[in-house]
2 protein chains.
Amino acid sequence: MHKLNPSLSVDCVIFGLDTNEQSLKILVYEREIFPIEGSGNKNLKFPGSLVIEDEDLDESAYRILNELTGLKNVYLKQFSAFGKPDRIKFDEEREWSEKHYGIKINRVVTIAYYALIRIDKHNPEQKQIKDKLRWINIDNASNLAFDHSHILSVALETLRRDLIFQSAISLELLPKKFTLNHLQSLYEIILGNKLDKRNFRKKIAKAGYIVPIGEKQTGVAHKPAMLYRFDKRKFNKNNEGIATFFI
Amino acid sequence: MHKLNPSLSVDCVIFGLDTNEQSLKILVYEREIFPIEGSGNKNLKFPGSLVIEDEDLDESAYRILNELTGLKNVYLKQFSAFGKPDRIKFDEEREWSEKHYGIKINRVVTIAYYALIRIDKHNPEQKQIKDKLRWINIDNASNLAFDHSHILSVALETLRRDLIFQSAISLELLPKKFTLNHLQSLYEIILGNKLDKRNFRKKIAKAGYIVPIGEKQTGVAHKPAMLYRFDKRKFNKNNEGIATFFI
C-alpha cells in the first residue's frame, strides 16, 4: 500500500476539441456530495488525486490520469501550482476528500497539468469507473469544485499562449494530412474568435513548415481542398534561432 | 510561532543584469556543509525556504525573498514546481535542512519563482545576514545544491521565452529613457548571442511601442544616441488581439 502525501495533489485539465460541435471541452468527473439542485457545477472536478509519497510529480500525473480516465500516451504539460490556503472552502469538500483518500488531509497544494486531445480519438466516457466522467463545454464550466474554475482559467490562458507561440502543439490535434480550413478552425475554436482567412494563410506561408503535399481531399461534397502536412525538418530549422522571432 | 509544512518549499531564482560586465548573474547564498575543496558549487543555493502551513504560495515567495535578501517590490513569477522524489540526494543536505528548519522534513516539492532585477539598483550583498549572499555568473553555476542547477536551466529557458514573447518584461531592466543600443545589449546578454543590429531595429520599429522621445544622451564621450521610451498605450493597443501575432 502506497502512502499518500496529505499536502500535495496533481490535477489534470484535459482539453478536448469537438470538431463536430466546433467547441472546446474539458473532461470532468462528477462526485455526489452536494444536493444536486442549486449547487451549480460544485460536484464537477478535474481528474486529480493526492501524490504518493515517493512518486515523481510527472509520473503521478500520468498515473492519476490513467487510473481515473483510462487515457494513456497523452502529452501532459505542467503549467502551474495552486496553493491558496483556502482552496478547500467547504466542510463538505474536506469531508469528501478525507473520506475519498481515507486519510486526514492538510492544506493541499495542487500541481496542475494540461493536455489537449481529440475527442473523436479518445472517449474516456466509455470507461467503467465509479465516478461519472463527462465532457463539458468550457463556456458552461463556472463554479466547479474547489478552485477548479480558477485552475481552468489559467489553463486556458496557457493553452492559448502555447498555441500562438509554440504553434506545433496544434498539430497534436490534426490528422497527418489536413486542409488549411481545418487548421484555421482549430485556432478559431481554441482562441474563441474568428480569424481573417487571408491573413492566416499569409502567416502559414511565411512560417514555411506547413507544406502542401500535392493531393486533394477525397469523398467530400464540396470542392475538394488541398491537403497539407507538417514538415518537421523545416520547423526545426526555422526554430533553431528563436532570437529571430521576438518583438 | 508558525508551523512549517515539511513537504513544501519555495525557491527564488533572482536574475541580475550586470551592465558593466555585460553578464547575466544569479543571486545565491552560501551554506557551509560540504568541505569547500572539491565540492564545486554544492554549498550554493537559491534563496528559498519551507512554506508556512497556512500561507499562500505567492505570499510565501515574497516573504522568503525579503527575509533572506532584503529585496522588496520585485516582480516574482511562478514558473514551475520541482518534485523528483530524490531532489535531496545527499545525507548532508538532508541533515542541513532538518537542522536549518528545526523539523523533520519529508520529501519536499519546491515551487520555483523567478525575478529579473538591475544589480546596480539592488544590492542585497550589503545586507547583514548569517548566510553569505553572492552574485555569480550563470556560466559558473553548474553543480549547485539539491536540484538547483536543473531549476536554473528551466528558469533560464522561461526567462528567454518570456523576453521574446512578452517583451515588455525587458523594460523592467531599463531606465525610463534608454538608447536602442541599451535595449539590444540587454537582449544579447540574456539570450546569450549577438543580434543583427539592422534586423533588431526593424523589429522595434514594427512593434511600434518603443518610441523616440526627441532627446539625445548627454554626458557621453561618444556621439550621443537618440533616447527612447516605452509607450504603454501603444503597447496595450497592439497587444489586445494576440491572435494576430501567431505562427
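The values are calculated or read from the model by the stated rules, or taken from the named source; none is laboratory data. All values reported here derive from a predicted model rather than from experimental measurement. Cβ placement follows ideal geometry from the backbone for every residue including glycine, while neighbour counts extend to all protein chains displayed. Accessible surface areas use protein heavy atoms only, side chains included; no ligands, DNA or RNA. Shrake-Rupley method; radii C 1.70, N 1.55, O 1.52, S 1.80 Å.
Just the number, please: carbon plus sulfur as a percent of the accessible area of the range A:4-163, 1.4 Å probe, no ligands or DNA/RNA counted. Don't jump to the answer; show the numbers that get you there.
Working: 3200 of 7130 Å².
Carbon-and-sulfur percentage of accessible area, whole number: 45.
Beyond 19 Å between alpha-carbons counts as too far, so tell me which of B:121/B:177; A:77/B:84; B:42/B:104 fall in that bin. Intermediate results must be reported in sequence, preceding the final value.
Numbers: B:121/B:177 16 Å; A:77/B:84 16 Å; B:42/B:104 22 Å.
Violating the 19 Å limit, Cα to Cα: B:42/B:104.
Of all beta bridges DSSP finds with both residues in the range A:4-163, what is the antiparallel percent, to the nearest 5?
70 percent
In the range B:1-15, what residues drop by 50 Å² or more of accessible area when the other protein chains are put back, versus the chain on its own? Use 1.4 Å, and skip ligands and nucleic acids.
B:8
I need the GluC sites (Glu not before Pro) found in the range B:141-247, filtered to DSSP loop residues with at most 16 other beta carbons within 10 Å of theirs.
B:240
Quick one: net charge around residue A:85, please, counting Lys, Arg +1 and Asp, Glu -1 for every other residue with C-beta under 9 Å from its C-beta.
Values: positive: A:84, A:87, A:107; negative: A:86, B:53, B:54, B:55, B:56.
Taking every other residue near residue A:85 into account, the sum is -2.
Give the angle, between 0 and 90 degrees and rounded to the nearest 10, that separates the Cα long axis of helix A:197-207 from the longest principal axis of the Cα atoms of chain A.
Around 90 degrees separate the two axes.
Gain in length, residue B:132 to residue B:89, computed as 0.36 nm per residue apart minus the alpha-carbon separation, to one decimal in nm? Show your work: numbers first, answer last.
On the way: separation 43, 0.36 × 43 = 15.48 nm, distance 2.30 nm.
Computed gain between residue B:132 and residue B:89 is 13.2 nm.
What angle, in degrees between 0 and 90 and rounded to the nearest 10, separates the Cα long axis of helix B:180-191 from the longest principal axis of the Cα atoms of chain B?
Roughly 30 degrees, rounded to the nearest 10.
Go ahead and estimate [θ] at 222 nm for the protein assembly as shown from helices alone: -39,500 (n - 2.57) per DSSP H run with n ≥ 4, summed, over the residue count, rounded to 500. The partial results should precede the final answer.
Values: 12 runs with 144 residues, N = 494.
That comes out to -9000 deg cm²/dmol.
Tally Lys and Arg at +1 and Asp and Glu at -1 over the other residues with C-beta under 10 Å from the C-beta of residue B:173: what net charge comes out?
Details: positive: B:118, B:121; negative: B:172.
With Lys, Arg at +1 and Asp, Glu at -1, the net is +1.
Provide a whole-number value for the mean count of partner chain Cβ atoms within 10 Å of the Cβ atoms in peptide B:194-200.
Numbers: counts 1, 4, 2, 0, 0, 2, 4.
Per residue, the number of nearby Cβ atoms from other chains is 2 on average.
How many nanometers, to one decimal and shortest first, lie between the label point of residue B:181 and those of its other copies, if labels sit 7 Å from Cα toward Cβ?
Once sorted, the set of distances for residue B:181 reads 5.6 nm.
Given a 10 angstrom Cα cut-off, can you work out which residue in B:204, B:189, B:119 is the most mobile in a GNM of chain B?
Top of the fluctuation ranking is B:204.
Cross-link candidates for residue A:223: which aspartates and glutamates have Cα within less than 18 Å, leaving aside residues fewer than 8 places away along the same chain?
A:215
Name the residue, out of B:137, B:43, B:106, whose mean-square fluctuation peaks in a Gaussian network model built on chain B with Cα pairs under 10 Å.
Ranking B:137, B:43, B:106 by mean-square fluctuation puts B:106 first.
Take chain B, connect every pair of alpha-carbon atoms lying under 10 Å apart with a spring to form a Gaussian network, then pick out the residue of B:72, B:197, B:45 with the largest mean-square fluctuation.
B:197
Which entries in the list A:216/A:237; B:176/B:216; A:197/A:237 go over 24 Å, if you measure between the two C-alpha atoms of each? Show your work: numbers first, answer last.
Values: A:216/A:237 27 Å; B:176/B:216 13 Å; A:197/A:237 26 Å.
Too far apart for the 24 Å limit: A:216/A:237; A:197/A:237.
Using the Cα centre of chain B as the reference point, and only Cβ charges (+1 on K/R, -1 on D/E), how large is the resulting charge dipole? Debye, rounded to the nearest 20. Spell out each step's value before the answer.
On the way: 39 positive and 32 negative charges, 311 e Å.
The dipole magnitude comes to about 1500 debye.
Of all accessible surface on the range B:167-245 at a 1.4 Å probe, what whole percent is carbon and sulfur? Could the numbers behind the result be given before it?
Details: 2610 of 4950 Å².
That share works out to 53 percent.
List the GluC sites (Glu not before Pro) in the range B:17-84 that DSSP assigns to loop (not H, G, I, E or B) and whose Cβ has at most 12 other Cβ atoms within 10 Å. Which are they? Please list the in-between numbers first.
On the way: sites: B:21, B:30, B:32, B:37, B:53, B:55, B:59, B:67; in loops: B:21, B:32, B:37, B:53, B:55.
Within the range B:17-84, the qualifying GluC sites (Glu not before Pro) (loop, at most 12 other Cβ atoms within 10 Å) are B:21, B:32, B:37.
One decimal, nm, shortest first: give the distances between the label point of residue A:132 and those of the same position in the other copies, each label point 7 Å from Cα along Cα→Cβ.
Distances between equivalent label points, in nm: 6.5.
Using a 7 Å offset from Cα along the direction of the beta-carbon, what are the separations from residue A:207 to the same position in each other copy, nm, ascending?
Spacings between copies for this position, smallest first, are 2.2 nm.
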